[in-house]
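Here the structure is laid out as structure tokens; the discussion comes afterwards.
The values are calculated or read from the model by the stated rules, or taken from the named source; none is laboratory data. Keep in mind that this is a model prediction, so the values were computed, not measured. We place every Cβ from the backbone using ideal geometry, glycine too, and count neighbours over all the protein chains shown.
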Amino acid sequence: MHLGTLGLAAVLLVAALSPAGAQSPRLAADTDGRIEIEAPTYANYGAFRGGTSTPGKLALTIWLPPGSVRGPAVIIGHSVGGWKDTAEGSYVKPLLDAGYVVAGLDHFGPRGIARAADVAGAFSPITSVSDALLALRLLATHPRVDPARIGVMGLSMGGITSELSAYEFVRRKVLGDSPLKFAAHVPFYAPCGNVFSSERGPYTTGAPMLKLYGGKDETTPRAKCERIDAVVRAAEPGLKWQTHWYEDAYHAWENPMAPRFFPGHVNASKCPILDFGARSRFIEVSGVERPFNGQELQTCIRSSTGYSMGYSEEAAKDSPGRMLAFFAQHLKPR
């Protein structure tokens, strides 16, 4: 790893998490490899909404494509199983070959977590969303990166990271008055669960998004996913979101194992849609709204356990190219 100056790593660790909107440290032109920075840890979505956190750290690994030209970048978020070279890592080389600076997130290592998938509630995905926005702020200072052309993608929880970072309520909670935002989002099989309403006007930053879903994925019931889009479109008629369904695909479709059901994993598919933005409410698939009820939420989560994972040929072969084409459309110069 090249850090430009010997003291930069320590500076990043101490200073990267400055108050929202404050000045971040700047990376050097040859900065690559692994960097750890301070980042808050949120117990749940309600804690994020209320601004309650505990100290934590995130790691960012940067890969630079050949050359010295300033250009676009893509941040990759990982699943509740942690970063795997055979999963999230398999997208690094295609993105590098396409000319992107690539940055891989590690939410678990610096926080001492092995696999959050093994313990229900061990890690709230909203922390990974916050981490991604802090990583965006840091990566935007890299001389090889155009701050206006940074995208984000991820798998499962990383898909949640990619999707929820598009909400303006969330972005402002982390970055304050900074105009910085992701320029494009590609969540892979992100479980359908949340919206974040705004006080007024559009729900999202306006950035385009491509959502990739599996038709046999129990974490993404189609009616629930489509209701989320309908809720956001009602507040934002010009929403630049699109979806693509692989009808025969399961969750974690690039996993080479034969598809099988994992009964211990939580999917929350039986829960209503949760709005933890400017409003706090439940939204049913039918569109009916109800007040938020924490006890009901815990009950529905306990009743929603289990989902299937395994290889799905069409999705595994098509999704990388579809992602690259979407990023090329929205991140490359026209």
Scan the strands (runs of 3 or more DSSP E) fully inside region 255-297 and keep the ones with 1 or more residues being under 20 Å from VAL232 (Cβ atoms). 273-276, 280-283, 289-291
For LEU180, which of the numbered conditions (1) part of a loop (DSSP other than H, G, I, E, B); (2) within 25 Å of CYS300 (Cβ to Cβ); (3) of a type in the set (A, V, I, L, M) fails to hold? (2)
Within the bounds of region 114-126, is there any residue that is out of contact with any Gly (no Cβ under 7 Å at 6 or more places or on another chain) and surrounded by 24 or more Cβ atoms within 10 Å (Cβ to Cβ)? yes
Some residue of region 227-238 being assigned to a strand (DSSP E or B), crowded, with 17+ Cβ neighbours inside 10 Å, modelled with pLDDT of 95 or more and of a type in the set (D, E, K, R): no
Which number in (1) surrounded by fewer than 14 Cβ atoms within 10 Å (Cβ to Cβ); (2) at pLDDT below 95; (3) closer than 22 Å to SER178 by Cα marks the one condition that THR52 misses? (2)
Out of (1) closer than 22 Å to ALA87 by Cα; (2) surrounded by fewer than 24 Cβ atoms within 10 Å (Cβ to Cβ), what's the single condition that is false for VAL129? (2)
Would you pick out the residues in region 60-85 that are closer than 21 Å to MET157 by Cα, touching a Lys or Arg at 6+ places or on another chain (Cβ under 6 Å) and modelled with pLDDT of 95 or more? THR61
Criterion (out of contact with any Asp or Glu (no Cβ under 7 Å at 6 or more places or on another chain) and more than 21 Å from ALA268 (Cβ to Cβ)) met by exactly one of GLY151, GLY193: GLY151
Which pairs turn up if I take residues in region 199-225 that are closer than 12 Å to TYR250 by Cα and touching a residue at least 24 places away in the same chain (Cβ under 8 Å) and look for partners that are of a type in the set (Val, Ile, Thr) and not in a strand (DSSP E or B) with beta carbon separation below 6 Å, at least 6 apart in sequence or on another chain? TYR213/THR220
Flag if PRO202 is of a type outside the set (Asp, Glu), over 30 Å from PRO147 (Cα atoms) and assigned to a loop (DSSP other than H, G, I, E, B): no
Out of everything in region 109-143 that is part of a loop (DSSP other than H, G, I, E, B) and at pLDDT 95 or above, what residue ends up being farthest from VAL174 (Cα to Cα)? PRO143
Can you tell me which residues in region 140-169 are within 16 Å of PHE48 (Cα to Cα) and surrounded by fewer than 24 Cβ atoms within 10 Å (Cβ to Cβ)? TYR167, GLU168, PHE169
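Yes/no matrix, rows are residues, columns are (1) over 24 Å from PRO320 (Cβ atoms); (2) buried (at least 17 other Cβ atoms within 10 Å of the Cβ); (3) among the polar types (S, T, N, Q):
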residue	(1), (2), (3)
HIS244	no, no, no
TYR250	no, yes, no
PRO256	no, no, no
ARG260	no, no, no
PRO263	yes, no, no
ASN267	yes, yes, yes
Within region 280-308, the residues that are among the polar types (S, T, N, Q) and over 24 Å from the mean Cα position of the chain (by Cα) are SER286, ASN293, GLN295, THR299, SER303
